[in-house]
Amino acid sequence: MDATTINKKEEEEEEEEEEEEEEKGYVHIYTGNGKGKTTAAFGLAVRALMAEKKVFIGQFVKSMKYHETKLESLMEGQLCIKQYGNGCFIYKNEPTADDKNMAIDGLADCERILSLSGSGSGGYDMVILDELTIALRYKLLEITDVVRVIRERNPKIEVVVTGRDAPEELIAIGDVVTEMKSIKHYYKEQGVLARDGIER
Ligand code: ATP
Ligand code: MG
């Protein structure tokens, strides 16, 4: 091989590496006690959708219809939203067996979605696991299962996890970890309840 051929081969290899790097998906975690975790994840979803990407949103614990879930009908075929919850059980002391089963089935569903190959072949480019940390906090799911599902995913998929009290094991596998820190929240200081278009 002459010098020109070697240089060309090296260039090609570098290009391939760059392409792989571009296609790699990262893990984002939005945690903390301040407002903005779920809305940030939906903001990212909108950005990804407008960039022609396909997005899957799995919502743990939640079963209420939020105004943002209407986005699914506007972005048919590009966005899928599923809920794996049974009301706001977090206000009760003890989650029921049903709460646990729904979370376990939800994680299994997300595991399948996360193993699919690219959006061209029926898969998704971004998977959002909303309030996943709440399912962990209430021991509906095992952290080892959650870490395994995220680690063993199709590496091209961008993953976003939201919820308070993200455990260390989850933070350890995050590439972007943001803590929303509450300085003030009008619910606490002024008793303002959830409003349409702002909290739901
Ligand atoms: P949002 O959905 O508005 O982005 P979030 O995902 O960061 O909020 P969660 O921890 O999921 O917040 O909280 C659920 C609800 O409690 C939301 O309606 C949220 O607006 C509200 N909330 C968030 N932070 C606080 C706070 N510090 N005190 C009281 N209520 C809060
Ligand atoms: Mg939230």
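Please report the relative contact order for the range 24-184, taking Cα pairs under 8 Å with a sequence separation of at least 6, and give it as a percent rounded to a whole number.
That works out to 41 percent.
Return one number: the angle in degrees, 0 to 90 and rounded to the nearest 10, between the long axis of the Cα atoms of helix 3-23 and the longest principal axis of the Cα atoms of the chain.
Relative to the chain, helix 3-23 is tipped by roughly 10 degrees.
Would you work out which of ILE198, TYR186, TYR124 lies farthest towards the positive end of the dipole of the chain? Charges go on Cβ: Lys and Arg +1, Asp and Glu -1.
TYR186
Given 0.36 nm per residue, what is the gain on full extension from LYS156 to ASN33 after removing their alpha carbon distance, in nm? Mind dumping the intermediate values first?
On the way: separation 123, 0.36 × 123 = 44.28 nm, distance 2.99 nm.
So the chain would gain 41.3 nm between LYS156 and ASN33.
If neighbour count is taken as other Cβ atoms inside 10 Å, put MET126, MET180 in order from fewest to most.
MET180, MET126
I'd like the orientation of helix 37-50 relative to the chain: the angle between its Cα long axis and the longest Cα principal axis, in ° from 0 to 90, rounded to 10.
40 degrees
Please report, in whole Å, how far the alpha carbons of the range 101-200 spread along each principal axis, starting with the longest.
Computed over the Cα atoms, the extents are 49, 29, 28 Å.
Quick check: Cα centre of the range 125-172 to Cα centre of the range 47-91, how many Å?
16 Å
Cross-link partners among lysines for LYS70, C-alpha distance below 25 Å, same-chain residues fewer than 8 apart left out?
The reachable lysines, counting only those whose Cα sits under 25 Å from LYS70, are LYS35, LYS37, LYS53, LYS54, LYS62, LYS82.
How many nm is it between the label spots at GLU10 and TYR26, if each spot is 7 Å from the Cα in line with the beta carbon?
Going from the GLU10 label point to the TYR26 one covers 2.9 nm.
Per DSSP H run of n ≥ 4, the term is -39500 (n - 2.57); total these for the chain, divide by its residue number, and report the mean residue ellipticity at 222 nm rounded to 500 deg cm²/dmol.
Values: 8 runs with 84 residues, N = 200.
When only DSSP H runs of four or more count, the value is -12500 deg cm²/dmol.
What are the GluC sites (Glu not before Pro) within the range 38-107 that DSSP puts in a loop, where the Cβ has at most 16 other Cβ atoms within 10 Å?
Loop-located and lightly packed - GLU52, GLU76.
Per 0.36 nm of contour for each residue apart, how much would the distance between SER182 and ASP165 grow if the chain were fully extended, relative to their Cα-Cα spacing?
Extra length from SER182 to ASP165 when fully extended: 4.8 nm.
Please get the size of the charge dipole for the range 53-200, origin at its Cα centre, with Cβ charges of +1 on Lys and Arg and -1 on Asp and Glu, quoted in debye to the nearest 20.
280 debye
Based solely on C-alpha atoms, express the radius of gyration and the Dmax of the chain in angstrom.
That works out to 19.4, 76 Å for Rg and Dmax.
Roughly speaking, what is the stretch gain from LEU74 to GLU199, that is 0.36 nm per residue apart minus the C-alpha to C-alpha distance, in nm to one decimal?
Length gained between LEU74 and GLU199: 43.0 nm.
Report, in degrees rounded to the nearest 10, the 0 to 90 angle that the Cα long axis of helix 97-115 makes with the longest principal axis of the chain.
Approximately 20 degrees, to the nearest 10.
The numbers here are math on the coordinates, done by the rules we state, and not lab data. Quantities reported herein were computed from a predicted structural model and do not represent experimental measurements. In this analysis, Cβ positions are derived from the backbone assuming ideal geometry, glycine residues included, and neighbour counts consider all displayed protein chains.
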